[in-house]
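K.L.:
This is the structure I have questions about; it appears just below.
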Amino acid sequence: MVKLKSLLLITICALAVYGFWLSVQDLEVLVAGLDALGVPVLMGLLGLSLVNYGVRYARWTWLLGLPASAACDSRNLYAYIAGFALVTTPVKAGELIRCRYYKALLHIDHDRIVATLLTERVLDILSGLLIASLALSVLASLQMAIWLSLGIVALVFLTTRYPWVCLGIARWLSDRSPFEGASRLYTFVESTFETLTAQLTASRLLPGTLMGVVSWSAEAIGFAWLVILLGSDASFLMLMGIFAISLIAGAVSFLPGGLGGAEAAMYLLLTGSGLDAGSATIAVVITRLCTLWFAVLLGVVSALTLERTLAVESEQQRVF
């Protein structure tokens, strides 16, 4: 519980930074924009975010090799959603908190969770690039982000095709390390690579990427719908592409949760497409609240629920 509290402090700090950024915006314009859109639109955006989470959860369960019935297991669902509580950590590393819950509740080893997280990142990048291709006219302005994303994917594939390179380095470091746990760390790295290699095959890559396209398209559709309601003349497909490009830009910035990078890219691309600055700001704020911060909220609730469950089980074991 102490570790979780420490990690949640990162989320609180990120939220504080986000709150400060909002405070320097024209709050009257933001409030007026929210009033103009109305509750039905906001509920629709949140609903599309839930579609995203639902499809990604189904893919996660499939990648872990769990039976379809496991998708109905509340422990599996809460453990997956709990990872969202810490997506504001650098490169979303905080999602590794799932290791704690899957090990304690479902007895799934850490190496499987780490490998599945890496596979999920690769699939998300590939699906994001496919959606980003809908905005080919603006891709040239973010070539660095696109090439870096492709480089990350290529690096992961190379390490899974030629694992002996990384394993050789890990073994060399393990043999020369003064730490007692070095050999256990090497065993962990080796088993993680085995799982990752098994997951990144053609039979899993294609359906996994397609599921990613479906899940992220849900939020991209919500974004395009919102921007058009705010007065944009850009095409629906181009706006979907802008959403994907913004997320990629945020991801390769290696900032916590893409904070700052995604918002800046989204704002610049929207204003570049002809949307006025005030409406672009409203679109960015509402989009991030209904996607990133909605996920964080669900994640915190799930993590706290699981912590309470683990505390009760620990107390029962102590009694008996």
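Nothing in this text is a laboratory measurement; each read-out follows from the coordinates by a stated rule. Every value quoted in this text rests on a predicted model; they were computed, and no experiment measured them. Note: ideal-geometry Cβ built from the backbone for every residue, glycine included; neighbour counts use all protein chains shown.
K.L.:
A32 to T201: extension gain in nm, 0.36 nm per residue of separation minus the Cα-Cα distance?
P.N.:
Taking A32 through T201 to full extension adds about 55.9 nm, to one decimal.
K.L.:
Using the per-residue mean of other Cβ atoms lying within 10 Å as a proxy for protection, in what order, highest first, do the peptides 279-290, 63-74 fall?
P.N.:
Values: 279-290: 21.9, 63-74: 13.5.
The peptides rank, most packed first, as 279-290, 63-74.
K.L.:
Given the Cα-Cα distance of D73 and V214 and 0.36 nm per residue of separation, how much length would full extension add, in nm?
P.N.:
Numbers: separation 141, 0.36 × 141 = 50.76 nm, distance 2.29 nm.
Separation in residues times 0.36 nm, less the Cα-Cα distance, equals 48.5 nm.
K.L.:
Here's another thing I want to ask about it. Full extension from L237 to L106: what is 0.36 nm times the residue separation minus their Cα-Cα distance, to one decimal in nm?
P.N.:
On the way: separation 131, 0.36 × 131 = 47.16 nm, distance 4.08 nm.
Residue separation times 0.36 nm, minus the Cα-Cα distance, leaves 43.1 nm.
K.L.:
Still on this structure: Based on the mean of other Cβ atoms within 10 Å per residue, sort peptides 38-51, 297-310 so the most packed one is first.
P.N.:
Numbers: 38-51: 14.8, 297-310: 17.8.
Result, highest mean first: 297-310, 38-51.
K.L.:
Taking other Cβ within 10 Å of each residue's Cβ, how do I245, I97 sort, fewest first?
P.N.:
Numbers: I245 27, I97 24.
Listed from fewest to most nearby Cβ atoms, that is I97, I245.
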